Structure formats: structure tokens, C-alpha cells
Amino acid sequence: MPKKSLLIFLLATSLLAKNLGLKSRESQIGEITANKMERKGDEIIARGNVVLVSGDYYISAQDLKYNQKTKIAIIEGEARIYQGSTLLLSGEKMKLDFSQDQFSLDSLYLQNTKTGLWISATQADSKEGVYYFREGTISGCDIQSPVWHLDVSSGSFDQNDSVLTLWNARAYLGKMPFLYIPYLRFSTGNERKSGLLYPQLAYVDQEGLYYRQPIYIAPEEFWDMTISPQIRTSRGAGVSGEFRLATPNNNLFFLKMKYFYNLNNYVKKFSAKNNHIYGFDLFFKTSSGTGMLQRFPTLYDGFFADLSYMNDIDYLRIDDVGKKITDRTRISKLNYFLRSQDHYFGIYNKYFFDFTSSDNQETLQLLPGVQYHKFIDSLYWRNLIYAIDVQSNNVVRYRGYGYVENSISLPLSVEFPLFGDYVSLGIGTDLDFSNVNLYRTQGMRIPGGFPSSNTANFFTANYKASLTSDIARDYGNFLHVMQFETRVSGPYYRYNSSMFDTEVYKAYAQEINQTKQIYNLWNPLSIVDFESNKPVFEASLSQYFYTRDGRTAFYYNVSQRLNLESRDLLFSSSMQNEIGSSPIEGLNLKGTLRYSFLHDAIESASANMNFSRWRLTSSFGYYYKNVFTSNNVNTDANFLNFSLKNDFGYFALGGDMNYDFINMNVKDWTLTLSTDIRCFGISFVFGQEFAPILTDLPNQPIKTVTNNYVKIEFRVIPLGGVGASYRFKK
């Protein structure tokens, strides 16, 4: 290769390194070839099929002229830059200024190999990795006939930061214009960039036009935040903010705060309880310890915070007008633990926000709870097993009695392997003691009219004996696993204060069955489960059949607990059955049944089916539950949910539905029609939802509003998606 040709190659390689993100290395093996090469003074000329190669990158053109004095190269005739077989950049005429690390060209074509996004423009310039262009077209589709594209008057693409900036953008579907955007700036890479995120737009019948515009701020790699102001023209306005941070130990911190102001007309129309809706969510979790115990390699600690506060249930829908609220409570947790190989210490705080309560004043809270636990260990003899658990819990609420419960649990057992470890015999005892100190007892009432006290104690010593077996056999085409267990247990000594008397439990059950729970009514079940301290016999059997590829072809579990205290209450506990199968790949079946022999009725039953294979995904779920009161059987839940989606190639059709058999009506449903054509997608969603609203009405603290809605969503690849919805009251 001539020396002067090598100079051109090294300079061009340097330019490619700066504008295409390559690392320049003089040791790279490359070459420049042409049909004819000559030199005239300071100018080197290459003509006919000029190719400049550098690893996976190369430039092809018809003619090349390079001036060694001015360090300017002019490339003409379909100048193109490739990476492998992928075209990155092309132009009719390209001017490279190596002294300024910049170039200009006519008829630009630039393509991002990772996302498929391309830019075509009539004229462009570049300096230090930033392309400036005029009269351009942008798309992520096939260049010959793009499904969508943007026509812009000017723009720039910063290849160093993968940021595309556009002015006067007109969006087209095929040849049909549908949107004008005066200014648009977004990242084409996977790195976080500050800027405007896609807005949310909807029309809600009782709230008016809804517009929410998230603003994303990412100044550092370890933290970012989002501020999202919004307006609802017939209801009010609000704002939400999210702050996210990752510590050097990869511990994650998240804080969200939201506020919304309801106009007086909206509050009056719907009897809404609050003009001002506000709250916060805070999450922090240590994934590798707090870092305070690095000097002690045998100790490990952790901190977990998941806190929520809100003054209105509508707080959950501030950022999402269509959010479905299915939970009755929201639990905030603040926990810390310290453990070693043998010991565990924990501090717990739990705050329950009850959505069914108008003010949450009567909801019991755990503030705080302390636990010490000694892990299972042998005592003097390898087969003699014991553990220790000590807890102290402060249970409080704003209105009504509270208490401090102190408890100690000491299980002891001996295990004997029999018949070559096929069967195991266990004998042991459980010692449990609970002490309760009550406060704010003014107005507290004991069920059945029994006398009250500020202190109550409960102690029980239970015996237990078990016989277990866990065997497996390989039959070649499948593996069979069978597990069997029988257990007998009961108290051999019991002491309790009058507030834990058996008659108090019975009186409480009668009052709850007859009327709604009274917040200041003493509930012994919240401290000690009376049923768990009765003589019982339990038996369970489980069978599993696994295929050679690990799939669960079939399984069945059955268990029954017998109350040995009374013949009349022998079957007070329901028999539990669970059956499941995955007969073919992608299909999972599961069913449960709890049957009460005492009431000769089904207590609960469920059936679930999930299928995902080929282009079809579907699910089916059914749940049924009865509540037994005295001699009556009342149906508490009886509903069905179903979803189905199939991709037909040109379009996909799906839907879901929830049906309540008690009220004989359809609750929530959606129907979705969507299509994805290479780089473009569109979805139409029709549906119905139930939205609870907190009111100031004494007889109706929570009112449910039924909304029907229509939603349309556009997806443009690789830019993302945007949608709008219209909601109207039924």
C-alpha cells in the first residue's frame, strides 16, 4: 500500500472513531482500494469503486479527493459508511474536514443499528459526533414504504448521547398526517435521559378532560426523579413526584408524593369527603446488609421500609384514572432484623389502612413488635430438637382499646428414623405462654357480660406425635413422589384468665354472627386461637407425578383435621383437597375444594386454568365460598373471571370479564382489538370498571361509581407509545 494512501486511511479511521463510537488503534489492519489512484501536488485522488476498510466498518464511494495541506477530503458518488452489511450513513457528496473533526454532506442517510431508527435529510453537517440536518424524514420502518414517519424542518442527532432533537415535526400514517409537534427531543438509546415523557390523555365523563405530563430528570447515574403535573378540567388539578436512588451498596430507595385538589362543584356533586387528597409512598430495602456490621463476619442485618399514607382512597387513582382497586387494606411496614447462624432478632412495625373504613380510627396497628428467635437446634442429643421464640407486640388504635402482648413459645421434639429412613416418628411438646396488658379500656365490653380486667394470661402445654413418610420412585418415563403424614396433638395442661375462658370464645362467636363487629368488643381470637389448643388428629397425603423434562403431569393433596374434644365437633374443620395438572406444555390446571362434613356443605371451591401456547393465551378462574353461621349457610363469594387473547397475524383480539353470581351482573370487563405492523401498532380497548369514592355521607361512607370507557393507544417503534381514553358514567 502506498504511504500516502495509508495516511488517508489512518485519518479516516480517526474520524470514524469519533463519529461512530470506535476506538482508534494504529495497529488496525486496513486498506484503501480504487480502480485508479494518483497524486497532484498536495492532493491525492482515487477514482472508481473507492473502498476504505477498517475492521467491521468501511466507506464506499465512486471518487475520493484528499488535500494533505488543508486536511479536507471530498467523497462523491453515493458515499456510504457500513458496519458489516448494515448501512449506517450515506450521502451523494461528503466533505470531511479532519482538522476540525467535522463533515458536511448532501442527501444524508443515517441509521441506528440497535433500534433501527433512520434519518434521511437533504443536507447535513457534523461536528464532534453531532449531526445537524435540514428538511429531514425520520422513521423506524422500511425506508421504501414506512408505515409511520416524521417530516421535520430541521433537527440534530447527538451520537455521543443518542439524543434526537426535532423541530416542526409532522407525524404521518402512510401518507395521512395526524399530528403536529413543534418541538420533540428524545433518547434513541437505552440510557436514561432528562426530558418530557409521553403524556397521558383521557376524557372522563364526570371529571372532564384529563391531561398528565411526566417530566423526567436524571442528572446522575445513581438517582433520578419524575415530576408529573396534571389537570382534570371538571374536577381539579394535582401533581405527583417520584424520587429514586441507588446507594453504593445497591440498596434501593424510592419516594413518591402525590397531591390533588378537588373543585368545590365536584365535591358537592359526588359528596366527596375531601377537597385535598394527598399522601406518600416510601420504599427502601437493603440487599446486602446495612453496612454497620462489616467488622463482624458472622452477623448479618437488614432494613426494610414500605410505608404508605393517604387521606383518601382516591389517592391510588391520582396517577391512573383507570386503576382497579381490589385490595381492602394497604399495609405499611418498617422492619429491622439482625441474625447469626443460630439467633435472630427483629423489630416490626405495621400500619393498616382499611379502605372500607371512613376514618381508619378503629383499625388495629402493630407499633411496634419485637421478636427473638433461636433457630432449630439439637439439645444434648442429636435427635432432641428444640427452638425458642419470644415476642412482644404493642397493638394500638386511635379509638378503642389497645394492648401489649408478651409471648414465649418453646417447642421440644425427638425424631426417630424407622425402616431405613422411609418413615420418621416424632414425639414432642409445645409450651406456649401469652400475657396481655390492656389500656384505653374505657367502654371495652367482654362478650357474654363477663367481667373485664386490664391483665390476662394464657398458658398451654401441648403434646404432639407424628408419623411421616417421603418416598420417590423413578419409572423411567415419569417420577412418582408420595408424602404421607399423620399427627396427633392436644393440651395436657392449660391455665387461662377469665378473659380467655371457653365461654368468652363462644359468646364472641355468637355476637359476631348476629351483628357486625363492634370495635370496642374484646376479641380473644386476636390473641390466642382457641381452636389450635384442642386435641386434634390430622392426616395428609400428597402425590406428585413428574415428566422427564420436569413438568408436573399430575398432583393431588388431601388433608383432614379431626377435633377429638367432642364427637359432635369431630368434623368442625373442613377437609381440604387440591388437584392440579399440566397435561401438555403451556397448559396448567388447578382446583381446590374445602368440604365441611359438619354442615354437609362446601365451604369453598376454586378452579383455575391458564394456557399460553402458539398465538393463544387464556385464563379461567372461578371462586365460591360459604360462611357458616349457627345452622345457616350463607354464600359470601361466588364469581368467575375469564380472559382470552389470540393473535391472528394481521390483528389480535382479546378480552376479560368478571361475573358476580350473587348479584347476577358483570362487574369489570374489557375488549381489546390490536394490531402490530412491523414498526407500528394500534390498540382499541372498550371496557367497564367500578370505582369506589370516599364520601361524607354517614350511611354510605364509600360509594361505587360505574364507568364505561374507550381507549386508543398508538405504538411507534422504537419511539414508544401514546394513548388517549374516554370515560363516561354508566
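The values are calculated or read from the model by the stated rules, or taken from the named source; none is laboratory data. All of these numbers come straight from a predicted model, not from anything done at the bench. Heads up, the Cβs are rebuilt from the backbone with ideal geometry, glycines too, and the neighbour counts pull from every protein chain shown.
For region 582-621, name all the residues that are part of a strand (DSSP E or B) and hydrophobic (A, V, I, L, M, F, W, C). Please lay out each step first, then the result.
Of all residues in region 582-621, those part of a strand (DSSP E or B) come to 587-596, 601-613, 616-621.
Residues satisfying the conditions are Leu587, Leu589, Leu593, Ala601, Ile602, Ala605, Ala607, Met609, Phe611, Leu616, Phe620.
The set of residues from region 457-488 being touching a Pro at 6+ places or on another chain (Cβ under 7 Å), crowded, with 17+ Cβ neighbours inside 10 Å and farther than 21 Å from Tyr403 by Cα comprises just one member, Asn462. Within the span defined as region 460-470, one or more residues are closer than 21 Å to Tyr546 by Cα, assigned by TED's automatic domain parsing to the domain that holds Glu511, of a type outside the set (Lys, Arg) and outside any loop (DSSP other than H, G, I, E, B). Please tell me if Val321 is of a type in the set (A, V, I, L, M) and not in a loop (DSSP other than H, G, I, E, B). No; evaluated as a whole, the condition is false for this residue. Answer yes if at least one residue in region 153-173 is in contact (Cβ under 8 Å) with a residue 24 or more places away in the chain, under 26 Å from Lys93 (Cβ atoms) and of a type in the set (Val, Ile, Thr), and no otherwise. Checking region 153-173: not a single residue is in contact (Cβ under 8 Å) with a residue 24 or more places away in the chain, under 26 Å from Lys93 (Cβ atoms) and of a type in the set (Val, Ile, Thr).
Please determine whether any residue of region 524-534 is without any contact (Cβ under 8 Å) to a residue 24 or more places away in the chain, surrounded by fewer than 16 Cβ atoms within 10 Å (Cβ to Cβ) and assigned to a loop (DSSP other than H, G, I, E, B). Among the residues of region 524-534, at least one is without any contact (Cβ under 8 Å) to a residue 24 or more places away in the chain, surrounded by fewer than 16 Cβ atoms within 10 Å (Cβ to Cβ) and assigned to a loop (DSSP other than H, G, I, E, B), which makes the answer yes. From the list Asp600, Asp549, Asp636, the lone residue that is surrounded by fewer than 16 Cβ atoms within 10 Å (Cβ to Cβ), at positive phi and not small (Gly, Ala, Ser) is Asp600.
Report, by residue number, each residue of region 128-145 that is buried (at least 20 other Cβ atoms within 10 Å of the Cβ) and at pLDDT below 85. Before you say what the answer is, go through the steps one by one.
At the first step, the residues of region 128-145 found to be buried (at least 20 other Cβ atoms within 10 Å of the Cβ) are 131, 133, 136, 138-140.
Across region 128-145, the qualifying residues are Tyr131, Gly140.
When region 351-384 is filtered for residues that are touching a residue at least 40 places away in the same chain (Cβ under 8 Å) and over 27 Å from the mean Cα position of the chain (by Cα), the ones remaining, listed by number, are Ser358, Glu362, Leu364. Close contacts from region 317-333, counting a first residue that is under 16 Å from Gly238 (Cα atoms) and charged (D, E, K, R) and a second that is at pLDDT 85 or above and part of a strand (DSSP E or B), with Cβ to Cβ under 7 Å and a gap of 6+ residues or different chains, come to Asp319/Ser228; Asp319/Ser240; Asp319/Lys258. Does Ser581 satisfy the condition of being within 28 Å of Met482 (Cβ to Cβ) and in contact (Cβ under 8 Å) with a residue 24 or more places away in the chain? Against the criterion (within 28 Å of Met482 (Cβ to Cβ) and in contact (Cβ under 8 Å) with a residue 24 or more places away in the chain), Ser581 qualifies.
When you look at Asp301, is it assigned to a strand (DSSP E or B), charged (D, E, K, R), farther than 30 Å from Val414 by Cα and over 20 Å from the mean Cα position of the chain (by Cα), yes or no? Write out each step before concluding.
Values: assigned to a strand (DSSP E or B): yes; charged (D, E, K, R): yes; farther than 30 Å from Val414 by Cα: yes; over 20 Å from the mean Cα position of the chain (by Cα): yes.
Yes: the conditions hold for Asp301.
Of all the listed residues (Tyr403, Tyr463, Tyr422), the sole one being within 39 Å of the chain's Cα centre (by Cα) and of a type outside the set (A, V, I, L, M) is Tyr403. Selection within region 622-648: residues that are in contact with a Lys or Arg (Cβ under 8 Å, 6 or more places away or on another chain) and either farther than 23 Å from Glu603 by Cα or not in a strand (DSSP E or B) (or both). The member of this set that is modelled with the highest pLDDT is Asn646.
Of the residues that sit in region 193-247 and are of a type in the set (A, V, I, L, M, F, W, C) and not in a strand (DSSP E or B), which one is surrounded by the fewest Cβ atoms within 10 Å (Cβ to Cβ)? If you could, list the steps in order and put the result at the bottom.
Our first condition is that a residue be of a type in the set (A, V, I, L, M, F, W, C); within region 193-247, this holds for 196-197, 201-202, 204, 209, 215, 217-218, 222-223, 225, 227, 231, 237, 239, 243, 245-246.
Next, from what is left, pick out any that are not in a strand (DSSP E or B): 197, 218, 222.
On the way: Leu197: 15, Ala218: 16, Phe222: 10.
Looking at the filtered set, the residue picked out is Phe222.
Here Ser498 meets the list (1) at pLDDT 90 or above; (2) polar (S, T, N, Q); (3) touching a helix residue (DSSP H, G or I) at 6+ places or on another chain (Cβ under 8 Å) almost entirely, failing just condition (1). Restricted to region 146-173, and to residues there that are within 18 Å of Ala124 (Cβ to Cβ) and of a type in the set (Gly, Ala, Ser), the residue that is surrounded by the fewest Cβ atoms within 10 Å (Cβ to Cβ) is Ser153.
Within the set Ser497, Ser572, Ser542, the sole residue that is within 27 Å of Ile408 (Cβ to Cβ) and among the hydroxyl-bearing types (Ser, Thr, Tyr) turns out to be Ser497.
Rundown of residues vs (1) over 27 Å from Arg678 (Cα atoms); (2) among the small types (Gly, Ala, Ser); (3) at pLDDT 80 or above, yes/no style:
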| residue | (1), (2), (3) |
| --- | --- |
| Glu31 | yes, no, no |
| Lys36 | yes, no, yes |
| Ala61 | yes, yes, yes |
| Ser90 | no, yes, no |
| Ala121 | no, yes, yes |
